[in-house]
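Below you'll find the structure, written out as structure tokens, and then a few comments.
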Amino acid sequence: MDDFDTFKASREKIDPSARKFSKRQWDKAYAAYRSSRERVMEGKSDQSDQSDQSDQSDNGHSSKRRRSSSRGSATYRSSGQSFPANLRSEVRHKSAYSDLRMMVDLLAWIAIALVVLVGALKLVYYTNVSVALVAILEAVIMVIAVVALRLLAHVVIDIPDIALQKGLSKVPDTGE
């Protein structure tokens, strides 16, 4: 949809009142469409250095907007975290259940310590090598299970906070 006629036809389908546009209004709408497409394509490219150089040669509000958006995307890229990781850290930072999360961590560490202690006691009492290896394997499996249950508990604790976060992001700002 790069040419003017295709843009005009699609715009008239979407907005019937656009049929009343003057030539000047159509030119402004098409120019805005083209500049927004260029910004989107510029944001998709990973050449932030080149876009920063071209922004310095521009003037006006659009160059300020482009510079700030490219800086924000560069910051996001340089952080090395994906969107879910950022969401998780933000939700856990603002969580109402931090005390519950701390209690789950404490219980998990206590359980791991008990499993290791029981495994060590079994090694002391068992003299047969094959039985000692089974005891070690059993202790390792139990530690993995405790860690998995701890992670699962954190996910369950995060569900209400993530739902609240998504619910707040969908509510339009009324300016009150």
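Summary of computed values
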read-out	value
Residues of segment 3-44 satisfying the condition of being exposed (fewer than 10 other Cβ atoms within 10 Å of the Cβ) and either part of a loop (DSSP other than H, G, I, E, B) or at pLDDT 75 or above (or both)	ASP3, ASP5, SER17, ARG19, LYS20, SER22, LYS23, ARG24
Pick from segment 109-139, criterion among the β-branched types (Val, Ile, Thr), surrounded by 12 or more Cβ atoms within 10 Å (Cβ to Cβ) and free of Cβ contacts under 8 Å to residues at least 12 places away in the same chain, ranking: farthest from VAL91 (Cα to Cα)	VAL131
Filter pass, LEU114 being more than 29 Å from the chain's Cα centre (by Cα), more than 24 Å from ALA85 (Cβ to Cβ) and modelled with pLDDT of 95 or more	yes
Odd one out for VAL104 among (1) of a type in the set (A, V, I, L, M); (2) out of contact with any Lys or Arg (no Cβ under 7 Å at 6 or more places or on another chain); (3) modelled with pLDDT of 75 or more	(2)
Breaking point among (1) over 15 Å from the mean Cα position of the chain (by Cα); (2) modelled with pLDDT under 85, for GLN165	(1)
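The values are calculated or read from the model by the stated rules, or taken from the named source; none is laboratory data. Computed from a predicted structure; not experimentally measured. Please note: Cβ atoms are built from the backbone with ideal geometry, for glycine as well, and neighbour counts cover all protein chains shown.
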